[in-house]
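Novice: Could you have a look at this structure, given as structure tokens, before my questions?
The values are calculated or read from the model by the stated rules, or taken from the named source; none is laboratory data. As the structure is a prediction and not an experimental result, all values here were calculated from the model. Neighbour counts are summed over all protein chains in view; Cβ atoms, including those assigned to glycine, are modelled from backbone coordinates with ideal geometry. Heavy atoms of the whole protein, side chains included, go into the accessibility calculation; ligands, DNA and RNA do not. Shrake-Rupley method; radii C 1.70, N 1.55, O 1.52, S 1.80 Å.
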Amino acid sequence: MEASETTSPVVQRRRLRTELRRARLDAGLTQEQVATAMDWSLSKLIRIENGTVGISMNDLKAILAHYKITDEGRTAELIALSRGARERSWWNSYRDMPPRLIQLIEYESEEYATTTTRTLRPQATAQDVSTTVELRMKRQQLLQQSEMPLMFFIVDEGAVRRLVGGQEAMRRQIRRLLDESEKSTVTIEVVPFSAGAHPGMQGPFMLFEFPDAEDDDALYLEGPSENRWNRDDPEEISSFRERFEVLRELSLGPQGSVDLLHRLLSELS
């Protein structure tokens, strides 16, 4: 999925951490040297450069001075990024949800979402299920934005054939896929059963690519026991990009996939 240029706090935080890491490297300093000079713990600097914690305005100004960044324009840009990164997003009210799910929202029809949530999280309370479904419903608002990112979805044929939540729920799911596929920014492709074993069977994943070269690509992996982000291992991210391209080659292609969805919809009628 390619994300469009945006001023969301998430992108501001990503840009800030990238710029701070670059500034340190340009200054020829190691993390250990900077932490010692700033009288910080090494873990604090690591977390700041990883984007897992924010940085106060005083700390930002101090570290920029240490990096000898005196250009007023660049200083103002970094300060603006820091301020934007501290803004609240709509999902802040869901902070009691799993952190990695919140991160994914940063960077499903209701019966379907409720059924899958109950199945995959059998230990969840009714309130947990309700809150997760509500969050997923709001997440879909991304598809209604006037300036949408380019999004490419590849799904296994089993995902669109398996009855989850009953026939009516699946009919709505497939209709939704067909509606979204008509948008110029959305591409949906199905890997058919006839493709046999394929890389996607190892588990779902999401790739996030950004138009600005200064923003690092990111990888989100979903597993049966835990999910994880990868924003710092280019080799792993590259390997999943290759996996994605293999899946596209194995798929029915955009039109063939739409034709299959129409056939499935007719079978459910």
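Novice: For the structure I just gave you, tell me whether S146 is open to solvent by 70 Å² or more (accessible area, probe 1.4 Å), over 21 Å from L268 (Cβ atoms), modelled with pLDDT of 85 or more and over 16 Å from the mean Cα position of the chain (by Cα).
Specialist: no
Novice: Another one. So which pairs qualify, if the first residue must be in the range 224-245 and modelled with pLDDT under 85, the second must be open to solvent by 70 Å² or more (accessible area, probe 1.4 Å), the Cβ gap must be under 7 Å, and the two must be at least 6 apart or on different chains?
Specialist: Qualifying pairs under 7 Å: N227/R100; R228/R100; W229/R100.
Novice: What number of residues within the range 157-182 are open to solvent by 50 Å² or more (accessible area, probe 1.4 Å) and within 20 Å of the chain's Cα centre (by Cα)?
Specialist: 1
Novice: Report the residue count in the range 21-56 for those that are at pLDDT below 90, among the aliphatic types (A, V, I, L, M) and out of contact with any helix residue (DSSP H, G or I) (no Cβ under 6 Å at 6 or more places or on another chain).
Specialist: 2
Novice: So R228 fits all but one of (1) part of a helix (DSSP H, G or I); (2) touching a strand residue (DSSP E or B) at 6+ places or on another chain (Cβ under 8 Å); (3) open to solvent by 40 Å² or more (accessible area, probe 1.4 Å); what number is the exception?
Specialist: (1)
Novice: From the list A27, A62, A35, pick out the single residue that is open to solvent by less than 20 Å² (accessible area, probe 1.4 Å) and farther than 23 Å from N230 by Cβ.
Specialist: A35
Novice: Just to be sure, is T7 open to solvent by 40 Å² or more (accessible area, probe 1.4 Å), of a type in the set (S, T, Y) and either modelled with pLDDT under 90 or assigned to a helix (DSSP H, G or I) (or both)?
Specialist: Yes: the conditions hold for T7.
Novice: How many of the residues in the range 234-257 are open to solvent by less than 30 Å² (accessible area, probe 1.4 Å) and in a helix (DSSP H, G or I)?
Specialist: Result for the range 234-257: 6.
Novice: While we're looking at this one, here's another question. In the set L104, L81, which member is at pLDDT below 60, touching a helix residue (DSSP H, G or I) at 6+ places or on another chain (Cβ under 9 Å) and either more than 23 Å from G28 (Cβ to Cβ) or surrounded by 13 or more Cβ atoms within 10 Å (Cβ to Cβ) (or both)?
Specialist: L104
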